[in-house]
Amino acid sequence: MPEKLTNEERAALIVLMLEDRDVPNVELGNDLTIRLSKPGRERLNKLGLLRSWKEKARIVHRITEEGISWCERDLAALGSPPNSAPLLRAYHAVLMHFVQLHQRLGDLAEVLRSGRDLESVIRAAYLALSVKPQDWVRLAKLRPKLNGAERDEVDAVLLEMVRTGTVHVAPDSNRKVLTEADHAAALRIGGEDNHLVAIEES
């Protein structure tokens, strides 16, 4: 059995496993509706299941490999709720079959995380990097936060978001500050390299 944790701590780890990225504490509470108390955060960090740090005066979390392993064991050991109805027990049996199968295959966490669509991943990464709404963020900083998504896929989603008006891109006018990473990460539209992105709230 995995280390005994509170429901609050368990929920935080499961959600952070699914997100698979750096998640600001304010986003964890407001958008993902998981309230992780300071004692809970400190406990998870002490156990090596979570890594938390301060960034721009805000606390940011990321689950560790040990935390992902804990989640897999916790899911595999999950029992059906007491006195549950037959249909709920049947659903639980299907879920357990799925969890145990992919745990044996060694790809449970990967399969669970693959359900997120790429636009959501892009928006979440942008939110983590931006300081204020519709802030300009460098594509060179955004791309590494997209869980290894293929460049062509990312470009296609960004171009579609630009077309719908929810994303704005722009070149950096100060060419002297551009790095190799900026050039490599640029989104080319109409023969022009764009290095900055701003995303409107959905």
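The values are calculated or read from the model by the stated rules, or taken from the named source; none is laboratory data. Worth saying up front: this structure is predicted, and the values here are computed from it rather than measured. Methodologically, a virtual Cβ is constructed for each residue, glycine included, from the backbone with ideal geometry; neighbour enumeration extends over all protein chains shown.
The table below gives the values:
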{"read-out": "Among (1) in contact (Cβ under 8 Å) with a residue 24 or more places away in the chain; (2) under 30 Å from H183 (Cα atoms); (3) not hydrophobic (A, V, I, L, M, F, W, C) - the single one K132 does not satisfy", "value": "(1)"}
{"read-out": "Candidate set from region 128-156 (those that are touching an Asp or Glu at 6+ places or on another chain (Cβ under 7 Å) and modelled with pLDDT of 90 or more); member that is farthest from R58 (Cα to Cα)", "value": "A140"}
{"read-out": "L18 in contact (Cβ under 8 Å) with a residue 12 or more places away in the chain, assigned to a loop (DSSP other than H, G, I, E, B) and not hydroxyl-bearing (S, T, Y)", "value": "no"}
{"read-out": "Test: residue in region 29-37 that is among the charged types (D, E, K, R) and in a helix (DSSP H, G or I)", "value": "no"}
{"read-out": "Within region 39-81, tally of residues that are among the β-branched types (V, I, T) and touching a Ser or Thr at 6+ places or on another chain (Cβ under 9 Å)", "value": "2"}
{"read-out": "Residue satisfying condition, being touching a residue at least 40 places away in the same chain (Cβ under 8 Å), of a type outside the set (D, E, K, R) and under 27 Å from Y126 (Cβ atoms), within set I68, I34, I59", "value": "I68"}
{"read-out": "Criterion: crowded, with 19+ Cβ neighbours inside 10 Å and touching a Phe, Trp or Tyr at 6+ places or on another chain (Cβ under 9 Å) - qualifying residue of V23, V60", "value": "V60"}
{"read-out": "Selection from region 118-132 of residues that are part of a helix (DSSP H, G or I) and either of a type in the set (G, A, S) or in contact with a Leu (Cβ under 8 Å, 6 or more places away or on another chain) (or both)", "value": "L118, S120, V121, I122, A124, A125, Y126, A128, L129"}
{"read-out": "Count of region 133-170 residues which are part of a loop (DSSP other than H, G, I, E, B), among the hydrophobic types (A, V, I, L, M, F, W, C) and touching a His at 6+ places or on another chain (Cβ under 9 Å)", "value": "1"}
{"read-out": "Lone qualifier among A128, A109 - being under 26 Å from E27 (Cβ atoms), in the same structural domain as E72 (by TED's automatic domain parsing) and surrounded by 16 or more Cβ atoms within 10 Å (Cβ to Cβ)", "value": "A109"}
{"read-out": "Residue match in region 101-120 (condition: under 23 Å from T179 (Cβ atoms) and either at pLDDT 85 or above or within 19 Å of the chain's Cα centre (by Cα) (or both))", "value": "no"}
{"read-out": "Hits in region 171-187 - residues which are of a type outside the set (A, V, I, L, M), surrounded by 11 or more Cβ atoms within 10 Å (Cβ to Cβ) and not in a helix (DSSP H, G or I)", "value": "P171, D172, T179"}
